[in-house]
Amino acid sequence: MNPNIQDLIDRRKRADRFNKLPGAGKSMMGCGCLGIIFISVAAAGGAYASPSVYGPYLLILFLIGLTVFLTGKLVARTAAGSYQARLHQIRGNSAKSEELSDFLLKNLENGQFGMNGEYIGILGDIRNQHAVDLIIPVLKHANPEFRRTAVTALENIGDERAVQPLLELLNDKDGTVQKLAAAALKKLGWEPNP
């Protein structure tokens, strides 16, 4: 495989992985906030030791949570920016863009979507019209992550051939897939009949 293609795929994987990072920070921040509230209420009621005993520990927990949260957001933005910059660079070179499309389309034809569907996502990001017929069957894949990626890719491509298959996903068992399908249909200009 061409190193440029592998680099782009790796950047997409990192961006997807890091976008899920801030959740850990939010959880820790939430724990710190709840701890502060609990001790404050308890101390006000006189039921427990004064906040001066627990206060420093709770503040440290809160600050750790805040640091993890902000670091996660920064890393996610950096990874996404790195992927977008590389994608833009490849789009600007028609030979590289064609090579990338050929590689991804051949893999989709063989039922290979990448580890987390990144091949589908990249085809959507480059708005490859030839990929629509290969992405539509992925909307019925057992893995909801693949269905989500396929919906987003079809939304990005913006081809009206995707409307009917997306309508079927409004009743998908995965709530996120339903929401993504509704947003994609709206972007494609579909409106329900009154």
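What follows is calculated from the coordinates using simple rules that are stated; it is not laboratory data. Because the structure is a prediction, the values reported are computed rather than measured. Cβ: placed from backbone, ideal geometry, glycine included. Neighbour counts: every protein chain shown.
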| query | From the phi of every residue in the range 163-175, what ³J(HN,Hα) in whole Hz does the Karplus formula 6.51 cos²θ - 1.76 cosθ + 1.60 yield, where θ is phi - 60° and glycine or proline is x? | reply | 4, 4, x, 5, 4, 5, 7, 5, 10, 4, 6, 9, x
| said: Placing unit charges on C-beta atoms (Lys and Arg positive, Asp and Glu negative, everything else neutral), compute the dipole magnitude of the range 109-148 about its Cα centre in debye, rounded to 20. | reply: 160
| query | What's the extension gain from Leu105 to Lys179 if we count 0.36 nm per residue and subtract their Cα-Cα distance? | reply | 24.0 nm
| query | If R0 is 30 Å, what FRET efficiency do you get for Lys140 and Thr78 from their C-beta distance, rounded to 0.05? | reply | 0.30
| Where the Cα atoms of the range 86-194 are projected onto their three principal axes, how long is each span, largest first, in whole Å? | 47, 27, 21
